[in-house]
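In what follows, a structure is listed as structure tokens, so that the remarks can point back to it.
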Amino acid sequence: MNEITICVPFYQNPDMLALQIETWNRYPDQAKKALRFIVVDDGSPEPARIDHQTDVDLQMYRIREDILWNNTGAKNLAADKAETSHVLFLDIDHVIEPDNIMTLLTNTYEPKTVNIFKRITQKNEERPANTYLVLMNRAEFLDLGMWDEDFAGGYGVDGTSFWKLATQKGFRRVEWTSPTFRIYLGGDANTIAPRDKTRNRKIHQQKEHGVFKSNPRRLRFEYERTR
């Protein structure tokens with residue numbers, strides 16, 4: 001059975017965090033032994049907190065500065081702190097339900113693969129896989145250079161850069177039909193920052209043409225462990 005750390009960025013969304021923890025609490029004991037959970041508060045004005053008990057292996061960190069759209073940094077911090085063989089990056093509005101979790105743990109994930117998963121809504125409507133929600137071997141993810149924090153401060157496009165680099169390094173994309181991720185449409189409604197890709201598209205274009213010199217440094221912020 002795989003050992004996986006589920007990495008979840010948090011920003012001003014206590015209701016979805018409560019739903020995640022309530023779901024994790026209902027996982028079978030066998031799954032809880034193989035899973036670790038890391039929630040990273042991305043400088044939220046209202047810090048993430050746990051209002052009820054949980055018996056899962058959960059760590060929480062808080063980034064001290066509220067950097068606009070720093071989910072890349074939050075995910076990198078979670079991966080840096082993880083100790084399992086694999087990491088899964090999951091948005092807070094996507095839930096893996098208890099009847100699906102054992103499939104996640106028993107799938108065979110080949111070396112040098114980036115694994116993505118089918119999604120469904122609360123009404124069981126299918127949605128395309130989200131290419132930001134990936135499962136990888138942790139050591140391979142770190143060697144790849146992690147998510148590019150040059151894109152922090154603007155919205156989107158960091159995934160395009162990540163996938164291009166992964167392809168150049170010989171990684172294969174594998175899309176699974178099981179388990180499915182349940183997406184709560186509107187569940188990220190508290191993330192009210194503008195979703196304007198203009199800045200990050202320009203950075204990506206400059207990187208493509210060698211104008212923008214990438215900064216390989218990751219975790220460009222101060223943080224603290226809160227749990």
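The values are calculated or read from the model by the stated rules, or taken from the named source; none is laboratory data. Values in this document were obtained by computation on a predicted structure and should not be read as measured data. Positions of Cβ are generated from backbone atoms using ideal geometry, with glycine treated the same way; all protein chains shown enter the neighbour counts.
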Exercise. So which residues in segment 127-159 are in a strand (DSSP E or B) and at pLDDT below 95, if there are any at all?
Worked result: 127
Exercise. Being in contact (Cβ under 8 Å) with a residue 60 or more places away in the chain and over 19 Å from residue 9 (Cβ atoms), is that true of even one residue in segment 42-57?
Worked result: no
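Go over the candidates 107, 115, 124 one by one and state the one that is farther than 24 Å from residue 197 by Cβ and without any contact (Cβ under 8 Å) to a residue 60 or more places away in the chain. Please lay out each step first, then the result.
Working: 107 fails: without any contact (Cβ under 8 Å) to a residue 60 or more places away in the chain; 115 fails: without any contact (Cβ under 8 Å) to a residue 60 or more places away in the chain.
Answer to the selection: 124.
Residues that are crowded, with 17+ Cβ neighbours inside 10 Å, among the polar types (S, T, N, Q) and not in a strand (DSSP E or B): does segment 117-126 have at least one? Talk me through it step by step, then tell me what you get.
Initial filter on segment 117-126 (crowded, with 17+ Cβ neighbours inside 10 Å): 117, 119.
Subsequent filtering for residues that are among the polar types (S, T, N, Q) retains none.
No, segment 117-126 has no match at all.
Got at least one residue in segment 64-72 being under 21 Å from residue 180 (Cβ atoms) and modelled with pLDDT of 95 or more?
Here is the first cut: in segment 64-72, the residues under 21 Å from residue 180 (Cβ atoms) are none.
The answer is no, given that none of the residues of segment 64-72 is under 21 Å from residue 180 (Cβ atoms) and modelled with pLDDT of 95 or more.
Name the residues in segment 2-26 that are hydroxyl-bearing (Ser, Thr, Tyr) and either under 16 Å from residue 89 (Cβ atoms) or surrounded by 21 or more Cβ atoms within 10 Å (Cβ to Cβ) (or both), would you? Don't jump to the end; show me each part of the working.
Let us first name the residues in segment 2-26 that are hydroxyl-bearing (Ser, Thr, Tyr), namely 5, 11, 23.
Correct list: 5, 11.
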Exercise. Hey, any hits in segment 90-108 for a residue that's touching a Lys or Arg at 6+ places or on another chain (Cβ under 7 Å) and either on the phi > 0 side of the Ramachandran plot or loosely packed, with under 15 Cβ neighbours inside 10 Å (or both)?
Worked result: yes
Seminar exercise, completed: Within segment 13-26, residues in a loop (DSSP other than H, G, I, E, B) and over 16 Å from the mean Cα position of the chain (by Cα) come out as 26
Exercise. If you scan segment 161-180, which residues turn out to be crowded, with 18+ Cβ neighbours inside 10 Å, of a type outside the set (A, V, I, L, M) and under 30 Å from residue 65 (Cα atoms)?
Worked result: 161, 162
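Quick check, is residue 64 loosely packed, with under 15 Cβ neighbours inside 10 Å and within 18 Å of residue 220 (Cα to Cα)?
On the way: loosely packed, with under 15 Cβ neighbours inside 10 Å: yes; within 18 Å of residue 220 (Cα to Cα): yes.
Taking the combined requirement at face value, the residue satisfies it.
Report whether or not residue 227 is among the basic types (Lys, Arg), within 17 Å of residue 75 (Cβ to Cβ) and either at pLDDT 90 or above or out of contact with any Gly (no Cβ under 9 Å at 6 or more places or on another chain) (or both).
no
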For this session: Check residue 144 against each of (1) surrounded by fewer than 12 Cβ atoms within 10 Å (Cβ to Cβ); (2) without any contact (Cβ under 8 Å) to a residue 40 or more places away in the chain; (3) closer than 24 Å to residue 61 by Cβ and name the one condition it does not meet.
Result: (1)
